[in-house]
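Here's the structure, in structure tokens; my notes come after.
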Amino acid sequence: MGTETVRTEALDEAAALRREQRGWYVYDWACSVYSTSVLTVFLGPYLTSVADHAADADGYVHPLGVPVRAGSFFAYSVSLSVVLAVVLMPLVAGAADRTGRKKRLLGAAAYTGAAATTGMFFLDGDRYLLGGLLLVVANAAQSVALMLYNSYLPGIAAPEERDTVSSRGWAFGYASGSLVLVADLVLYSAHGSFGLSQTEAVRICLAAAGLWWGAFALVPLRRLRDRGGRGDRTAGAAAPGLRQLSATVRDMRRHPLTLSFLLAYLVYNDGIQTVISQASVYGSEELGLGQSTLIGAVLMVQVLAVAGALGMGRLARVHGAKRTILGSLVAWTVTLAAGYFLPAGAPVWFFVLAGGIGLVLGGSQALSRSLFSHLVPPGKEAEYFAAYEMSDRGMSWLGPLLFGITYQLSGSYRSAIISLVAFFVIGFALLARVPVRRAIDEAGNPVPQKV
């Protein structure tokens, strides 16, 4: 084979990878609208109102005969979706790695979630059970799809460019969430001008997120390529999810440095997820801010997270992903400390706090994903990213528990928010101790120049 032929094939392969990367970015563009518009803004309050409408005189609904406070129904549905995802993710991951049919499984999960989200248009009256079912299905499907999506990263990006590729994916997601949230807020705020009731406007926003997810998911499903499975039958084609997870954890014990990074990520990410979920409670209950201010702050976080993800991706190219993540954890700590001193009734300072969160949010998550991709043994990407995704979604309960206990003991949301500093300090200490170069080498992967 001539030199020119080899060069041509290399150029063709490089072009194919670039095409895959662009398709990969678009999946984040497709599914992030669900997280922003559905979970963060609209579904919680709306499903709670539907459950309230169906409640008895004591404020209880009775799914499957079990008495549940209407105000708790949304939270319980989210928890149930996490349990379902924890069972499904390792099972689907094992099948993806064994068979190599990752794209088909990604498509099935994505369109299950998109269909369930679109079906939320029919959530009205007292149909709280329908809403709970659709939420459980959509949330679990999104977790499974994101796990498969993340596991493509080692195959579509060389070690030296993973930080950049991962950061661009997060940036696409935040940009999409911002764009659709602006459209949602216009429709919601001016629903009367469109001849709609407030309820109809919310239902349209929910369904539109599902249609957006399904429409743009076509792009990655056309561009991403399957790369052949390892053909390993040891786990069994129909191994239960928890047994598959146990097998993955046992395999991780042979890579203790990978496990050490995952532990550090579990701790500091728990802090990140708790700040995201509790910031609005802090703003409304402690600072006395209105709903419009809180929604505006969410939008601001989305917009600034685009710049933050791209900016931290550039920093990682110079200083390495580990150092950049450690720097972001210092920034999180400083931001929370500043949040403790925010004056009540001062939305300007709350927006400053939201700006600080937005600038470090996307980069922290993007670089953590790319760094973990270096620590995954070849051929086990989906299984290891299942454990990573469960750290991201299924294990983030300690932070809310600490927040709640601190508030219960102190009666102060300021004390509760400052208590979360512990997650960033401990996460920093754990991550600083991980020798990532040796971890990458022991996982059997090439060590990039900057990491």
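Look through the range 86-106, keep the residues that are in a helix (DSSP H, G or I) and of a type in the set (D, E, K, R), and return whichever of them is surrounded by the most Cβ atoms within 10 Å (Cβ to Cβ). The extreme case among them is K102. Criterion applied to G288, G283 was being at positive phi and over 20 Å from the mean Cα position of the chain (by Cα), and the one residue passing it is G288. Checking L299, L294 one by one, the residue that is in contact (Cβ under 8 Å) with a residue 60 or more places away in the chain, surrounded by fewer than 22 Cβ atoms within 10 Å (Cβ to Cβ) and part of a helix (DSSP H, G or I) is L299 and no other. Quick one: count up the residues across the range 419-451 that are open to solvent by less than 60 Å² (accessible area, probe 1.4 Å) and assigned to a helix (DSSP H, G or I). Qualifying residue count, the range 419-451: 13.
For every residue, the table says whether it meets (1) modelled with pLDDT of 90 or more; (2) surrounded by fewer than 18 Cβ atoms within 10 Å (Cβ to Cβ); (3) farther than 21 Å from T117 by Cβ.
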| site | (1), (2), (3) |
| --- | --- |
| P154 | no, no, yes |
| L185 | no, no, no |
| E200 | yes, yes, no |
| R203 | yes, no, no |
| A208 | yes, no, no |
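If you check A346 against the conditions, is it among the hydrophobic types (A, V, I, L, M, F, W, C) and closer than 27 Å to E160 by Cβ? In short, no.
Scanning the range 336-363 for residues that are in a helix (DSSP H, G or I), more than 14 Å from Y174 (Cβ to Cβ) and open to solvent by less than 20 Å² (accessible area, probe 1.4 Å) yields L336, G339, F350.
When residues in the range 107-121 are screened for being buried (at least 22 other Cβ atoms within 10 Å of the Cβ) and closer than 14 Å to A30 by Cβ, 5 of them pass.
Here P400, P377 are screened, and the one residue that is assigned to a loop (DSSP other than H, G, I, E, B) and in contact with a helix residue (DSSP H, G or I) (Cβ under 8 Å, 6 or more places away or on another chain) is P377. Here A366 clears all of (1) open to solvent by less than 10 Å² (accessible area, probe 1.4 Å); (2) without any contact (Cβ under 8 Å) to a residue 12 or more places away in the chain except the condition numbered (2). Summed over the range 276-291, residues that are assigned to a helix (DSSP H, G or I) and either under 15 Å from S37 (Cβ atoms) or open to solvent by 30 Å² or more (accessible area, probe 1.4 Å) (or both) total 9. Taken over the range 17-70, the residue count meeting the criterion of being more than 16 Å from F216 (Cα to Cα) and aromatic (F, W, Y) is 3. Among the conditions (1) modelled with pLDDT under 85; (2) buried (at least 18 other Cβ atoms within 10 Å of the Cβ); (3) in a helix (DSSP H, G or I), A235 misses just one, which is (3).
The values are calculated or read from the model by the stated rules, or taken from the named source; none is laboratory data. What you are looking at is a predicted structure, and each value in this text was computed from that prediction instead of being measured. Note that each Cβ is placed from the backbone with ideal geometry, even for glycine, and that neighbours are counted across all protein chains shown. Ligands, DNA and RNA are excluded from the accessible area calculation, which covers all protein heavy atoms including side chains. Shrake-Rupley method; radii C 1.70, N 1.55, O 1.52, S 1.80 Å.
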